[in-house]
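Every number here is computed from the coordinates shown, using simple stated rules; none is lab data. Not measured: the values here are computed from a predicted model. Cβ coordinates were reconstructed from backbone atoms using ideal geometry, including for glycine residues, and neighbour counts include every protein chain displayed.
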Amino acid sequence: MAEAVKQLPRIVIHEKLCKACSICVDFCPTNVLELKGSVVAVRNLEACTRCQLCDLRCPDFAIQVFD
Amino acid sequence: MSATTAAKKKLSVPFDYDKYLRPGKLPHIWCPGCGHGIVLKSLLRAIDKSGLTKDEICMVSGIGCSSRTPGYVDFNTLHTLHGRALAYATGVKLAKPELNVIIVTGDGDALAIGGNHFIHTCRRNIDMTILVYSNFIYGMTGGQFSPTTPVGALSNTSRYGNIEPVFDCCDLAKASGATFVARGTAYHTLELERTLLAAIKHKGTSVVEIIDECPVYYGRNNKFKSVTQMMEDIEKNGTVSVKQADKLPPEKVQGKLLRGILHQVERPEYCEGYEKLIAKAQGKG
């Protein structure tokens, strides 16, 4: 059976809620995120393993990972 | 689809916090990196797992950064005087014993100005869940040292280092008679969720001390470079799970705070005893 094309997750960042504390950036095990000015941005979506540590540790309800 | 993929699929659907939050209240007032938001999210997930409806919960708080929590959640809420959250909560629980009362309070609020209410609530064993957010400082009033500020730590009122010994919230609760005593951290957020769920389900006074970080006052005063460093030094490396503590060599446990459920016993609950007393006085008992 042919291997299915790897589906990428969808990372939603609520920019109005993000306070750029960098918790998600620092705790991401695969360095998916980066700080861009006063908000967090996705740098390397392919590396995301859907572990959701960014969502769990975000104090500001500002980031969500959808499958 | 195998069971593992199904589990992974289930995990990757983000939790819908909005159903427990009052619309339009976010962003919250907590500073960037403050652990209170992480703890609130763990609490909302635990409440969701407990199966309680929003109307069955009453959240009571005193004054402080942590005590702003009831402003954001869509439960029955009560924001009261400094240190007096437990006194109000006792009133709520006695008037409406069917409510699940959750008290959100800080280390200064619960252990300093509210110390007396704290020990007597634990002594009575009233069925409520007390969450003590311990960030080692008074954040809202400008960074004064609190009963949990470690010896030697700097704060805006201990410029040469704090010389006061620390109150151990969990030991105090246990000695006062609380029937469920636990500790969690904002770093170990899933473990905290499980601890909070057990605390909510417990019949009797449940005290959960939650170690989180105040990057603005405690962090800057004590030369922490970042929030991440605070979380790793204080919460990750400064604590050890109670389950692992027995297996680890003593030098790895010494000086660290224990995490997890530290004490759980059964004891008659106050509201039930009170109802029996009423029935007896009315000649029905």
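For region A:16-66, what value does the Rg/Rh ratio take when both radii are computed over Cα atoms and Rh is the Kirkwood radius, given to two decimals?
Details: Rg = 9.8 Å, Rh = 10.8 Å.
Checking Rg against Rh, the ratio lands at 0.90.
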- prompt: With θ set to phi - 60° and the Karplus curve 6.51 cos²θ - 1.76 cosθ + 1.60, what are the ³J(HN,Hα) couplings of region B:179-194 in order, to the nearest whole Hz, using x for Gly and Pro?
  reply: 9, 9, 10, 9, 9, x, 9, 6, 5, 8, 6, 6, 5, 4, 4, 5
message: Can you give me the distance in nm between label points at A:PHE66 and A:LEU45, each placed 7 Å from the Cα along the Cα-to-Cβ direction?
response: 1.1 nm
- line: Amide H contacts under 5 Å for B:SER241, restricted to residues at least 5 apart in sequence or on another chain and with H modeled in the peptide plane, are B:ARG259
statement: For B:SER158, other-chain or 5+-apart residues with amide H closer than 5 Å (H placed, Pro excluded) are B:PHE145
query: So how do B:62-72, B:124-134 stack up, highest first, on mean other-Cβ count within 10 Å?
result: B:124-134, B:62-72
- prompt: Who wins for biggest fluctuation among B:LYS236, B:LYS247, B:LYS223 in a Gaussian network model of chain B, springs between alpha carbons below 10 Å?
  reply: B:LYS247
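Just how large is the dipole of region A:16-66 about the Cα centre, in debye to the nearest 20, putting +1 at every Lys and Arg Cβ and -1 at every Asp and Glu Cβ? Intermediate values should be presented prior to the final figure.
Working: 6 positive and 5 negative charges, 24 e Å.
So the magnitude is around 120 debye.
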- request: Provide the net charge surrounding A:PHE61, with neighbours chosen by a C-beta distance below 15 Å and charges set as Lys +1, Arg +1, Asp -1, Glu -1.
  value: +2
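Inside 10 Å of the C-beta atoms of A:49-57, what's the mean count of C-beta atoms belonging to other chains? Let's see the in-between values first.
Working: counts 2, 4, 3, 6, 2, 0, 6, 10, 9.
Average neighbour count from other chains, rounded to a whole number: 5.
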task: Partner chain Cβ atoms within 10 Å, averaged over the residues of A:23-35 - can you pull that number for me?
output: 2
Whole-Hz ³J(HN,Hα) from phi, Karplus 6.51 cos²θ - 1.76 cosθ + 1.60, for region B:251-256, glycine and proline x: 5, 7, 9, 4, x, 9
- prompt: So, with +1 on the Cβ of K and R and -1 on the Cβ of D and E, and no other charges, what is the size of the charge dipole of region B:83-198 about its Cα centre, to the nearest 20 debye?
  reply: 240 debye
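Computed FRET efficiency, Cβ-Cβ of B:GLN229 and B:ALA95, R0 35 Å: what is it to the nearest 0.05? Each step should come with its number before you reach the end.
Details: r = 46 Å, r/R0 = 1.31.
So, using R0 = 35 Å, E works out to roughly 0.15.
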message: Taking 25 Å as R0, compute the FRET efficiency from the Cβ-Cβ separation of B:ASP18 and A:LEU8 and round it to 0.05.
response: 0.55
field: Computed log₁₀ I(q)/I(0) - Debye formula, equal Cα scatterers, no solvent, the protein assembly as shown, q 0.07, 0.11, 0.13, 0.14 Å⁻¹
entry: -0.31, -0.75, -1.03, -1.17
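Using a cut-off of 12 Å between beta-carbons, work out the net charge of the residues near B:ILE29 (Lys and Arg +1, Asp and Glu -1, B:ILE29 not included). Working shown, then result.
Values: positive: A:LYS19, B:LYS25, B:ARG68; negative: A:ASP60.
Taking every other residue near B:ILE29 into account, the sum is +2.
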- prompt: How long are the three semi-axes of the equivalent ellipsoid for region B:132-271, computed from the Cα gyration tensor as the root of 5 times each eigenvalue, in whole Å, largest first?
  reply: 27, 18, 14
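Given a cut-off of under 8 Å on Cα pairs at least six residues apart, what relative contact order in percent is computed for region A:16-66?
Numbers: 72 pairs, mean separation 19.5, N = 51.
Once normalised by length, the contact order is 38 percent.
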statement: Computed over region B:132-213, the relative contact order (Cα-Cα under 8 Å, seq sep at least six) in percent reads 29 percent
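When you look at the Cβ of every residue in A:58-67, what mean number of other chain Cβ atoms sits within 10 Å?
Details: counts 3, 17, 10, 11, 3, 1, 5, 4, 3, 7.
Per residue, the average neighbour count from other chains is 6.
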field: Projected label distance in nm at B:ALA245 and B:TYR274, using a 7 Å step from Cα toward the beta-carbon
entry: 3.2 nm
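Please list B:187-193, B:34-40, B:15-21 highest first by mean number of surrounding beta-carbon atoms within 10 Å per residue. Each step should come with its number before you reach the end.
Details: B:187-193: 20.6, B:34-40: 27.9, B:15-21: 14.9.
So the order, starting with the most tightly packed, is B:34-40, B:187-193, B:15-21.
Taking every pair of distinct Cα atoms and averaging 1/r, then inverting, what Kirkwood hydrodynamic radius in Å comes out for chain B? Could the numbers behind the result be given before it?
Values: mean 1/r = 0.0510 Å⁻¹.
One over the average 1/r among Cα pairs gives 19.6 Å for chain B.
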- prompt: Once amide H atoms are built 1.01 Å from N in the peptide plane, which residues 5 or more positions from A:ARG10, or in another chain, come under 5 Å H to H?
  reply: A:PHE66, A:ASP67
statement: Expected vector for region B:264-281, Karplus 3J(HN,Hα) from phi with 6.51, -1.76, 1.60 and θ = phi - 60°, integer Hz, x for Gly and Pro, equals 8, 9, 9, 8, x, 8, 5, 4, 5, x, 5, 5, 5, 5, 4, 4, 5, 5
Computed over chain B: relative contact order in percent, which uses C-alpha pairs under 8 Å that are six or more apart: 17 percent
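Using helices alone, I'd like the mean residue ellipticity at 222 nm for chain A: each DSSP H run of four-plus residues gives -39500 (n - 2.57), total over residue count, nearest 500. Don't skip to the answer; put the middle values down first.
On the way: 2 runs with 10 residues, N = 67.
Theoretical 222 nm ellipticity from helices: -3000 deg cm²/dmol.
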